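What follows is calculated from the coordinates using simple rules that are stated; it is not laboratory data. Since the structure is predicted, the reported quantities are computational estimates derived from the model, not experimental observations. In this analysis, Cβ positions are derived from the backbone assuming ideal geometry, glycine residues included, and neighbour counts consider all displayed protein chains.
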Amino acid sequence: MNTDAAVAVHDLKKSYGKVEAVKGVSFEVRPGEVFGFLGPNGAGKTTTISMLCTLVHPTGGRAEVAGYDVVRRRDQVRANIGLVFQDPTLDTYLTAEQNLRFHAELYGVPKTLVADRIRQVMEMVALWDRKDAKVMTFSGGMKRRLEIARGLLHSPRVLFLDEPTVGLDPQTRSAIWGYINKLRHREDITIFMTTHYMDEAEHCDRIAIIDHGEIVVIDSPEALKASVGKDRVQIHTGDDESAIRALRERFGLDAAMHEGAVTFAVASGEEFVPRLFAELGLPIKSVSVSRPSLDDVFMNYTGSTIRDAESGTGNEWVKAMVRR
């Protein structure tokens, strides 16, 4: 494994009886990058991050975090990581500052540095003015920011964020990412996050798409979207079934209903639209063209959207995309 990597993983596995939660994943995270695990709930994201944080013992394979083996050097790994759990772990009956002081004691932060460091991380997430307020009075977004500050308090080399904005409204999620993007530059830190939000994955330098315990592809968001190649075109007509049939017979395109519209994939969608109006043979009420998104990427590599994967359902649009 690469000893210079912030996180190095080789054939890492975890089974619970006959259930293989993680099926031999291998990857590396470069120092200073924001690396994301993108996948539906149950894909193996949290299990993997738990093994890397020494909370779960691997069934097989190896992993090193900050240069230390996660099985043989657990204490050293824990000293060099910060972790923001998916579920809140703050003591709501204590003040924000008291929560951080307790964390500082657990991690052995020198007493001479504690006060300055608490102020530094709380100012970083814009909570210094609420340091004496009990956490029970905080909003969901404020609690998340405080947890991020706590994870940074002992100056870790790698910060793990497990679904960092789950359950928050879009405006608060955007604000959280504003703070995260600032801290990565101020703290010279590597960030490893898990998410099932497509827009959140866009913040990553690289993404590993994980599905059913396996990594199916790793690359930057832009490279992954470029790999899909085709645009998504959606049309509304007076007879959608006839439109789907005409697209197949006249253009050789597989189309299906998705989000209430006839949907298909085609190269250079904007250039194709005039031909579509001229040759479809049916009145078109409206048309939209969109460049490939990360949802299209996930669908292209796994055969389903994240939403469908979480619900355990499929749809004809997915099947059509996979056949392209």
Worksheet, complete the sentence: Expected sort for Ile180, Ile207 with the fewest Cβ neighbours (10 Å cutoff) up front is Ile180, Ile207
Discussion item. Ignoring everything except DSSP H segments at least 4 long, calculate the 222 nm mean residue ellipticity for the chain; use -39,500 (n - 2.57) per segment, divide by total residues, nearest 500.
Written reply: -11500 deg cm²/dmol
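Taking 8 Å as the Cα distance limit and 6 or more residues as the minimum spacing, I'd like the relative contact order of the chain as a percentage.
Relative contact order comes out at 19 percent.
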Practice prompt. Rank these for me by crowding, Ile244, Ile210, going from fewest to most other beta carbons within 10 Å.
Written response: Ile244, Ile210
Worksheet item: Can you tell which of His103, Ala175, Val9 lies farthest toward the positive end of the dipole of the chain, using +1 and -1 charges on the Cβ of basic and acidic side chains (Lys, Arg; Asp, Glu)?
Response: His103
Worksheet item: With a 10 Å Cβ neighbour count serving as the proxy for reagent exposure, in which order, fewest first, do Phe138, Phe37, Phe277 appear?
Response: Phe277, Phe138, Phe37
Item to complete: Just tell me which lysines come within less than 18 Å, Cα to Cα, of Lys45; anything on the same chain fewer than 8 places away is out.
Response: Lys13, Lys14, Lys23
